[in-house]
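The values are calculated or read from the model by the stated rules, or taken from the named source; none is laboratory data. Given the structure is predicted, the values throughout are model-derived calculations rather than measurements. Neighbour counts run over all protein chains shown; Cβ positions are idealised from the backbone, glycine included. All accessible areas refer to the heavy atoms of the entire protein, side chains included, with ligands and DNA or RNA removed. Shrake-Rupley method; radii C 1.70, N 1.55, O 1.52, S 1.80 Å.
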Amino acid sequence: MNGQRRLSSFPATRPDQPKAKAETKADANGKSKEQSDHQMNDGEDQSPERAEDKSAPKRGSRKQRTEKDKDPNDCESEDKPHKTPAPKRTTIYRPSKKQKDLSQSQEISESKCEENCASTSRRASVPNNANIVNGNDKQDSAKSKQQIKKNDCESEGKPQQTVKSKSDEKPAPKRLSKKQREALNFDREAALESSESKSEAKSTKKTRRRPESAETAFSEDSSSAVSARSSDRQKKSAEKATATRGQGVDDTLGKVLKATIDKLKIKKSERSNASSCVNNITDKVITHLKQNVTWCEHIERLRTGSYYENLKICEPDEFDVMLTIPVERVDIQKFDMAGAFYSVALKRHPNKHALDRFLKEDKTIQASEMLIEFRDAVKEAVEKLPYQINVQRKKPRCPAVTLEVKMEENGKTISIDFVLGLKVHRASWPEFTKDGFEIENWLGKKEKDNMKRQPFYLVPKYEGKGNAEHDGVVAKDAWRISFSHVEKEILKRHGQSKTCCEDVGQKCCRKECLKLLKYLLQQLKEDDSKSSKMTSFCSYHAKTTLLHACATRGTDSEWAYSQLADCFQQLLGDFVQHLRKQHLPNFFIPSHNLLQQASPRSCDFLANEIEFQLNKKFPIFS
C-alpha cells in the first residue's frame, strides 16, 4: 500500500528534474492519514484514459515544469487549504485566436458537410455519405474526450489544461486524385493570367486545410472550371486550325504563281538572238527610209512595248518599234468627245515643210495617205535583207506594218511591228490629260513634273468606221495620242524607293503581277472555245489596270514580293471590277474609256472566267 500510494501520489518526473529535492520535502512535512486516504482515492478514481494521458510525455512551458517540481501532490487534504496556482494563465481558460478560428472552421465545415451530403446524395453513391458521417463521428468523439478531460481537471482542482483534438491539429496533406491535381494545376495557370484568378488561387490554398466534405465540394467546382477552360481551349485550337488552313491556301496559290513566273522567264540566249535580229532589221529599214523617202529624212527610232519594258512573257517573239517624224508648230484639235483622238494641222512655216504633200486645204495632215507611203517604203526595205521575212496584210484600224521573221538559229518566228508616229514638242500636254497621270503618291510630284516636260506622240489610229467624218475630218485621218515612252519610264522606275528591286533594296512584285495577268489573257485567247469572246481585250488593258493599282497603292510594302498571292488577287479584283462596270479609264486621259468598244456580254464572260480561275487556283497555268 505504501508503495502504491507513493507511486500514485507523485507524478512521473522527467530525467532532468531534481528527484532528491522532492523526496526531502515530502519526508520533512510528513504524511497524514487523511492525506494518504485522499491519495489512494485519487489513484483509484483515475480512468485508463487519464492514465494514458499522464504516461505520454508532454512538454509544457517552463513555468508549468517548475510548478510540478515544487508541488508533486496534485490535491491537498481536507484540513489543509486547497492550493491552486496563481490565476494569471492557468485558472482562466482563454482560447487563442488560432483555436477560435479552428472552432469556427469546424462549425462551417459541419454546416457545409450537411449541405454537401444533401446535394451529393442525389448524384453520388452511398459510400460517399458514409465517409462524411464517419468524419462527423470522429469529430464528435474527439469533442467528448476533450470535455471528459476538462471535467476531470475541475473535479481534482487542477488548473485547466487544453488538450488538442485531432480536428484542432493541422491535418497531413492528403494525396489528391489525378483529376483533382489537374484541376489545381488549371487554377494555378489561371492565377497567372488575370487578377480574378489570383483570388481564386488564394481560396484554393484555404480549401486544402478543409476536411473531406469541403474538398468534395471544391472538386465539383474545379471540375466545372476545367470543363469551361477546356471549351475555351477547343475554340482557340479551332480558330488556329482555321487560320492555318487559310495560310495553307495562300501558300498553295503563292507556289502556283511563283512556278508560273519561273516558266514565263525568257532565256538569255533566246533574248540575245532575237534582239540582235530585230536591231539589224530596224537599222536597215531606217537607213532605207532616210535615203529614199523625203519626208522621212529626220525619222527617229523609239523603242517601246513589252520587250523593252522587260515585261515580255514566254518567248521573245513580238517587238514594237515606233518610227517618229518630229513636228513643231502644230494645231491639235479634239476629234472625239473622249479626248483620245485628234486631228493635226500644221501651222504656217516660213519654209516649205516635208509634210506639205499630205496636207489638205485646211492644213490638216492626212494620216491615211502617210500610212500608204510608209507601208510601201518598209516593204521595199525588207526585200533586200538576208532574212526570211513575210509582210502581213494590213489589219483594219491598225497603224502598224507587221513583219514575220523566221530565225535561222532555232527556226522560230518573231514579229516586228513598225508604227508610224508624230513627235510633238509643246510646252504642255493636251488639256484632257490634266485630270490623269496621278502618280504623286507613288513616284512623287517632282517625277511627274519632269515627265510632263517630255514630248508626246500621235499615232495614225482611229475607232469605228474610217469614212465617218467629224468637223470635215474623216476617222481614218485621225491620230491617237500615245504616252508609250512615259509608260516605259514609269515601269522602269516602278518603285516608290529608288532602290526598289535592286540588289540593296526590297524586291516588289508589280511587274510579276502584270506578267501573270497578261499570261492569263493570252491563255484564254488561245483556247478555241473562248477565243471568239476575247477579241475585244488586249495586254494594254492589263497594263492600264496595273498603273491605276500602283497609283492607288503606291508604297513598296504593299507590293512586297513575299505577298505575291495577295497582290495578284487584288489586281484581279480591280480588273474584274472594271469589267463589271464596263469602264476602264485611260491612265493619262480619264475621260477615255478603254472598254467602250467591248460588249457587256464579253466583259461579263471575261470577269466570270477570271473568278473561276482564281477559285480553282488557276488550272489554266498548268
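Couple of notes before you dig in:
- Residue list for region 593-606, restricted to those being open to solvent by less than 10 Å² (accessible area, probe 1.4 Å) and either assigned to a helix (DSSP H, G or I) or touching a residue at least 60 places away in the same chain (Cβ under 8 Å) (or both): Ala598, Cys603, Leu606
- Failed criterion for Val424 (all others in (1) in contact with an Asp or Glu (Cβ under 9 Å, 6 or more places away or on another chain); (2) among the β-branched types (Val, Ile, Thr); (3) within 26 Å of Thr545 (Cβ to Cβ); (4) open to solvent by less than 10 Å² (accessible area, probe 1.4 Å) hold): (3)
- Selection within region 509-534 - touching a residue at least 24 places away in the same chain (Cβ under 8 Å) and over 18 Å from Gln613 (Cα atoms): Cys509, Arg510, Lys511
- Subset of region 518-554 that is among the polar types (S, T, N, Q) and in a helix (DSSP H, G or I) - its residue that is surrounded by the fewest Cβ atoms within 10 Å (Cβ to Cβ): Ser532
- For region 353-363, the set of residues classified as on the phi < 0 side of the Ramachandran plot and open to solvent by 20 Å² or more (accessible area, probe 1.4 Å) consists of His353, Ala354, Asp356, Arg357, Leu359, Lys360, Glu361, Asp362, listed by residue number.
- Checking the stated criteria, Phe456 turns out to be buried (at least 16 other Cβ atoms within 10 Å of the Cβ), within 51 Å of the chain's Cα centre (by Cα), closer than 29 Å to Lys284 by Cβ and without any contact (Cβ under 8 Å) to a residue 40 or more places away in the chain.
- Test set (1) touching an Asp or Glu at 6+ places or on another chain (Cβ under 6 Å); (2) part of a loop (DSSP other than H, G, I, E, B); (3) of a type outside the set (Gly, Ala, Ser) - Lys394 fails condition number: (1)
- Residue match in region 332-352 (condition: closer than 30 Å to Thr260 by Cβ, open to solvent by less than 60 Å² (accessible area, probe 1.4 Å), modelled with pLDDT of 85 or more and not small (Gly, Ala, Ser)): no
- Test for Ser557: is it open to solvent by 10 Å² or more (accessible area, probe 1.4 Å), part of a helix (DSSP H, G or I) and over 25 Å from Lys530 (Cβ atoms): yes
- Qualifying residues in region 481-517 (those that are part of a helix (DSSP H, G or I) and of a type in the set (D, E, K, R)) - the one farthest from Gly444 (Cα to Cα): Lys515
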